[in-house]
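*Asks:* One structure, as structure tokens, below. Some questions next.
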Amino acid sequence: MAEPQSPQPETAPAALPIPSLEDMQHWTWVMGRAQQMMLEAGLQTIEDTPAIPIIPGFTDPRTLDRARDFWADSMKMWSRFLVPDLAAAEPEDPAHARDKRFKDPAWRANPVFDWIRQSYLLVSDHLQRSVDEIDGVDDKQRERLRFATRNIVEAMSPSNFPATNPLVLEKTLETGGENLLSGLQHMLADLGKGQLTHTSNESFEIGRNIAVTPGKVVKRTPLYELIQYSPTTKQVIETPLVIFPPWINRFYILDLSPEKSFIKWAVDQGLTVFIVSWRSADATMKDVTWDDYVEAGQIDAIDTVRDLLKVESVHAIGYCVAGTTLAATLAVLAARGQADKVKSATFFTAQVDFSRAGELLNFVDDEQIKLIEQVSPDGFLDGRYMAMTFNLLRGRDLIWNYVTNNYLLGQDYTPFDMLHWNGDTTNLPSKWHLSYLRDLYRDNRLATPGALSIAGTPIDLTKVATPSYIQAGREDHIAPADSVWQMTKHFAGPMKFVLAGSGHIAGVVNPPAAQKYQYWTNPVLGESFADFVTGATETKGSWWPDWIDWIRAQGDATAPVKGARTPGKGKLPALGDAPGDYVRTR
């Protein structure tokens, strides 16, 4: 579930010498050969990758046209080098100009490296464009080809290699190679732990400067810990809030620093807040299924809070996969005549209809599922596998950016709490995870009434009448906004859909005080996501205040803070301080 990247330090322009004509002739031959090798390697890699179908389109008659277009663009590029006035008259492609890999002036100041940069971008564009022109493949195959091709050309970027990156060459000369030794040390450390490092891990400690909102663990089961947070107001909203974070990551994404903490903010708004901290899977959880996360997880936590505070219902939040599960929980409760246990449901970037689930669908086929079975022989999937998968979705930012900065330039890691959380992986019960991939992502069975069941109770989302607040991220690459919007076509109750600026993480973790991004609302959901966007109204800043207004509109009754409203003072004694034990279990 990764998305943010650490700030990149500014680097002074490289003062490399202007090459001679002889040098230019030599590098012209080198880069001409490099272009040929990149094209050949890219096509061969796609053909040799088992998970990617062979591309019939490269053998059709239009191949000659594509080659002709490629060389025409190559000549145009050369013309810009040879005729300065032409370069000024024809500005660079805006997408190329914005490419952060080549933002340093050194990529343009030196003709050799400017040519390397433009040659690479030319090859990259043509390789990726060719996928859209292939005949004889369906949309799913084409999307997988796009994904594979993009990852191939990103790996080939000259910014990823010391000899073709002017910043690395300059740094190497300046430090006498110390940058490469520091980078090697970083790389060996990552190889040792089997995971790419994104930030300084020494800068953060759970319970010290992240996950510090005061509270107590009031329940512990083999599947989860239930944390209740200490109130900060004398009166609280009568209906408590129970938050279900995704078990793919640690819960404290909603409790980073006090300034970013959604949990602290919700407590300060007068809510009695509980959160579930899921246990990271081990061999003892090899038989855990989705039924367990619904029955022994969400329904059990809801009933526990209701009984503890002597209330009829709770407000519930489900984030990502826990939101998908919350939708199933609501359907189960509705089928059992217990829908009133949940007064309202809020969904953070959650999907129930996976027909438009985006690039993660590229990882759901028989071969990928077989691979997961092979790498989880003890009944649980190592969280590093999922971390790698999410990094691949944004390889340029979350893989190659760090290869360049930390391996080649040898830079120290920048402290960044979101990236620290992103690297704090959680193991998954493989039996459940495999069924999740098959039943939801591959076969989309949750969207079909009665196709799935929990403990014998059929799931029918059309029976869910619980008032729902559905939040999506405009730039979300894990749960695309259009896919999240599809939830509105399945529920029967009153719904409010909110489109937030940014993505899967920053679009959710956006405190009002930061005054960042924006959100869009529309009282008319429309027949499609495009309809919603067309008539939507933009509001600057965080959507959190809009959400709390919506929560209060569900019922504004309040209760004094006494007895069980304070953690450990009711029938459930405190088992320890927040953030608990499970969040620290590796």
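*Asks:* Evaluate the charge dipole of region 444-586 about its Cα centre and quote only its size in Debye, nearest 20, assuming +1 on the Cβ of each Lys and Arg and -1 on the Cβ of each Asp and Glu.
*Replies:* Approximately 640 debye in magnitude.
*Asks:* Once the cut-off is 17 Å, how many percent of the Cα-Cα pairs in region 520-565 end up in the long-distance tail? List each step's numbers first, then the result.
*Replies:* Details: 594 of 1035 pairs.
Summing the P(r) of region 520-565 above 17 Å gives 57 percent of all pairs.
*Asks:* Related question: If the cut-off is a Cα-Cα distance under 14 Å, which aspartates and glutamates reach LYS516, setting aside same-chain residues fewer than 8 apart in sequence?
*Replies:* The qualifying aspartates and glutamates are GLU259, GLU538.
*Asks:* Show me 287-294, 364-371, 545-552 ranked by packing, highest mean number of other Cβ atoms within 10 Å first.
*Replies:* Descending packing order for the listed peptides: 287-294, 545-552, 364-371.
*Asks:* Oh, and also: If packing is taken as the average count of other Cβ atoms within 10 Å, what order do 391-402, 439-450 fall into, highest mean first?
*Replies:* Working: 391-402: 19.5, 439-450: 16.7.
For the peptides 391-402, 439-450, the packing ranking is 391-402, 439-450.
*Asks:* Okay, moving on. Could you work out how far the C-alpha centroid of region 234-281 sits from that of region 290-334, in angstrom?
*Replies:* 15 Å
*Asks:* Keeping every protein chain present and rolling a 1.4 Å probe, give me the accessible area per residue for region 378-515 in Å².
*Replies:* Computed with neighbouring chains in place, this is 32 Å² per residue.
*Asks:* OK, next. Expressed as a whole number of Å, what is the distance separating the alpha-carbon centroids of region 165-190 and region 454-472?
*Replies:* When both Cα centres are located, 53 Å separates them.
*Asks:* What is the gain in length, in nm to one decimal, between ILE134 and LEU184 on full extension, counting 0.36 nm per residue of separation less the C-alpha to C-alpha distance?
*Replies:* My answer for the length gained is 13.9 nm.
*Asks:* Picking from ALA481, ASN444, PRO458, whose Cα lies most toward the positive end of the charge dipole for region 406-513 (charges on Cβ: Lys, Arg +1; Asp, Glu -1)?
*Replies:* PRO458
*Asks:* Across the Cα atoms of region 343-495, what radius of gyration and what greatest pairwise Cα-Cα distance (Dmax) are found, in Å?
*Replies:* For region 343-495, the Cα-based Rg and Dmax read 18.2, 57 Å.
*Asks:* Oh, and also: Any idea what the dipole of region 126-242 comes to, in debye rounded to 20, about its Cα centre with Lys/Arg Cβ at +1 and Asp/Glu Cβ at -1? Don't skip to the answer; put the middle values down first.
*Replies:* Details: 13 positive and 15 negative charges, 133 e Å.
Charge dipole of region 126-242: 640 debye, to the nearest 20.
*Asks:* How far apart, in nm, are two points set 7 Å out from the Cα along the Cα-to-Cβ line at VAL375 and at ASP303?
*Replies:* For the pair VAL375/ASP303, the computed spacing is 3.7 nm.
*Asks:* Turning to a different aspect of this structure: Of the listed pairs LYS286/LYS370; LYS310/LYS343; LYS216/LYS260; LYS216/LYS341; LYS286/LYS463, which have alpha-carbon separations greater than 22 Å here?
*Replies:* Numbers: LYS286/LYS370 17 Å; LYS310/LYS343 14 Å; LYS216/LYS260 20 Å; LYS216/LYS341 24 Å; LYS286/LYS463 32 Å.
As for pairs spanning more than 22 Å Cα to Cα, those are LYS216/LYS341; LYS286/LYS463.
*Asks:* Cβ under 13 Å from LEU499's Cβ, LEU499 left aside: what net charge do those residues give with Lys, Arg +1 and Asp, Glu -1?
*Replies:* Computed value for this residue: -4.
*Asks:* Oh, and also: With Cβ to Cβ distances under 15 Å as the rule, what net charge do the other residues near GLN486 carry (K, R +1; D, E -1)? Don't skip to the end; give the middle numbers.
*Replies:* Working: positive: ARG356, ARG445, LYS489; negative: ASP353, ASP476, ASP482, GLU527, ASP531.
With Lys, Arg at +1 and Asp, Glu at -1, the neighbours total -2.
*Asks:* Just for region 154-301, what percent of DSSP beta bridges are antiparallel, to the closest 5? Spell out each step's value before the answer.
*Replies:* Working: 10 of 14 bridges.
Once the DSSP bridges in region 154-301 are tallied, antiparallel ones form about 70 percent.
*Asks:* Using a 1.4 Å probe over the heavy atoms of the protein chains, calculate the carbon and sulfur portion of the accessible area of region 332-421 as a whole percent.
*Replies:* Working: 1700 of 3350 Å².
C and S fraction of accessible area: 51 percent.
*Asks:* Please provide three numbers in whole Å: the alpha-carbon extents of region 87-231 along the principal axes, with the largest listed first.
*Replies:* 67, 53, 33
*Asks:* Follow-up. May I ask for the net charge around GLN228, where only other residues with Cβ less than 11 Å from the Cβ of GLN228 are counted and Lys, Arg are +1 while Asp, Glu are -1?
*Replies:* Working: positive: LYS216, LYS219, ARG565, LYS569; negative: GLU225.
Around GLN228, the charge tally is +3.
*Asks:* Let me know the charge dipole size of region 254-381 about its Cα centre in debye, to the nearest 20, where only the beta-carbon of Lys, Arg (+1) and Asp, Glu (-1) is charged.
*Replies:* Computed charge dipole of region 254-381: roughly 540 debye.
*Asks:* Could you please state, rounded to a whole Å, how far the C-alpha centre of region 350-419 is from the C-alpha centre of region 533-586?
*Replies:* Rounded to whole Å, the Cα centres lie 30 Å apart.
The values are calculated or read from the model by the stated rules, or taken from the named source; none is laboratory data. A quick note: this is a predicted structure, and the numbers were derived from the prediction, not measured. Don't worry about glycine lacking a Cβ; one is built from the backbone with ideal geometry, like all the others, and counts go over all protein chains shown. Protein only, heavy atoms only, side chains kept; ligands, DNA and RNA dropped before computing areas. Shrake-Rupley method; radii C 1.70, N 1.55, O 1.52, S 1.80 Å.
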